[in-house]
1. So L158 ticks every box in (1) more than 14 Å from the chain's Cα centre (by Cα); (2) open to solvent by 70 Å² or more (accessible area, probe 1.4 Å); (3) within 19 Å of Y28 (Cα to Cα) but one. Which box is left unticked?
2. Evaluate segment 72-86: report whether one residue or more is crowded, with 19+ Cβ neighbours inside 10 Å and under 14 Å from V40 (Cβ atoms).
3. Taking segment 68-84 on its own, how many of its residues are within 30 Å of P26 (Cα to Cα) and in contact with a strand residue (DSSP E or B) (Cβ under 7 Å, 6 or more places away or on another chain)?
4. Among the residues in segment 95-106, are any buried (at least 16 other Cβ atoms within 10 Å of the Cβ), without any contact (Cβ under 8 Å) to a residue 60 or more places away in the chain and basic (K, R)?
5. Anything in segment 45-67 that is touching a strand residue (DSSP E or B) at 6+ places or on another chain (Cβ under 6 Å) and open to solvent by less than 40 Å² (accessible area, probe 1.4 Å)? List them, or say none.
6. Inspect segment 116-123 for any residue being among the acidic types (D, E) and surrounded by fewer than 18 Cβ atoms within 10 Å (Cβ to Cβ) and give the result as yes or no.
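The values are calculated or read from the model by the stated rules, or taken from the named source; none is laboratory data. Small disclaimer: the values here were computed from a predicted structure and weren't measured. Neighbour counts run over all protein chains shown; Cβ positions are idealised from the backbone, glycine included. We work out accessible area using only protein heavy atoms, side chains counted, and drop any ligands, DNA or RNA first. Shrake-Rupley method; radii C 1.70, N 1.55, O 1.52, S 1.80 Å.
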Amino acid sequence: MRNLSTPLTILCLFALLSTSAAQQPPKYGEPISLDDAKKVMAAAEKEAAKEDWPVSIAIVDSTGYLVMFQRLENSHLGSVEIALEKAKGVALFRRPTKVFQDTIEGGGAGLRMLRFPAIPLEGGVPIIVEGKLIGAVGVSGVKSNQDAQVAEAGIKALVED
């Protein structure tokens with residue numbers, strides 16, 4: 001486990017909080033229920049199947065702990081850990097993983113994020129209900145923007161239900 005009190009980590013956290021979205025991150029809510037996680041998973045799997053994308057899909061609750069996981073047929077083994085880490089990073093920092101990716105792409109001081117304890121690739125998306133983060137979806141296996149598409153399709157099924 002990484003020590004989150006190191007000066008570099010604190011500096012990176014400050015940079016992330018001050019340069020990412022202008023709005024405050026959502027507050028934590030009650031953890032996602034298993035029934036709601038099943039809705040999200042079913043819709044995410046449907047999106048991946050429609051596009052014929054072999055992905056791994058992880059759903060964590062608002063504390064970052066795993067609620068559901070699926071590794072679709074032919075997804076690469078490395079996608080298992082990446083999907084889980086994307087979801088956990090979102091839950092822990094209350095931001096989509098695209099924020100981390102964009103910060104690093106900006107270069108300069110943003111490169112410090114390379115030591116940050118979150119996967120800096122798009123495809124981790126928060127599940128926000130009534131303005132509160134109840135969980136997150138992490139997807140891995142195809143291009144990062146396609147991973148995000150799968151995650152967002154899952155979440156859309158829940159929030160529009």
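1. Condition not satisfied by L158: (2).
2. yes
3. Final tally of qualifying residues: 9.
4. Yes, segment 95-106 contains at least one residue that is buried (at least 16 other Cβ atoms within 10 Å of the Cβ), without any contact (Cβ under 8 Å) to a residue 60 or more places away in the chain and basic (K, R).
5. V55, S56, I57, A58, I59, V60, D61, S62
6. Kept after step one, since they are among the acidic types (D, E), are these residues of segment 116-123: 122.
Of the ones still in play, those that are also surrounded by fewer than 18 Cβ atoms within 10 Å (Cβ to Cβ) are none.
Looking for residues that are among the acidic types (D, E) and surrounded by fewer than 18 Cβ atoms within 10 Å (Cβ to Cβ), one finds none in segment 116-123, hence no.
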